[in-house]
Amino acid sequence: MILQEISTYYITCFIIIIGIIVVVVVVVVVVDVVVVVVIVVVVVVVVVVVVVVVVVVVVVVVVVAVVVVVSIVVPL
């Protein structure tokens, strides 16, 4: 009887430890996935912002160049 109770106790402890390990592994994996997703989103946002800034700068440069050329050519 005592042996059976001891073995039941150890089996229960083993199952609890395995459960805790599984929960820790799942939490670590989920946190890793969330961190990767956040990093990807930040990179995409930075790339989009850089592209928009570059496009705006190019448009401004082209407009200024056209205005300068027109202001030089029109009086002639």
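Odds and ends about this structure:
- Euclidean distance of C-alpha centroids, the stretch 12-43 and the stretch 57-76, integer Å: 58 Å
- Solvent-accessible area, 1.4 Å probe, carbon plus sulfur percent, for the chain: 91 percent
- Rg/Rg_globular for the chain, with Rg_globular taken as 2.2 N^0.38 Å and Rg from C-alpha atoms: 2.87
- Simple spin-label estimate for VAL67 and ILE15 gives 7.8 nm between the two label positions (7 Å along the Cα-to-Cβ direction from each Cα).
- Accessible area in square angstrom per residue, the chain, 1.4 angstrom probe: 87 Å²
- Anisotropy class assigned to the stretch 29-70 is prolate, per the alpha carbon gyration tensor with a/c at or over the 1.5 cut-off and a/b larger than b/c.
The values are calculated or read from the model by the stated rules, or taken from the named source; none is laboratory data. What you see is a predicted model, and the numbers here were worked out from it, not measured in a lab. FYI the Cβ positions are ideal-geometry reconstructions off the backbone, even for glycines, and counts take in every protein chain you see. Calculation scope for accessible area: heavy atoms of the full protein, side chains included, ligands and nucleic acids excluded. Shrake-Rupley method; radii C 1.70, N 1.55, O 1.52, S 1.80 Å.
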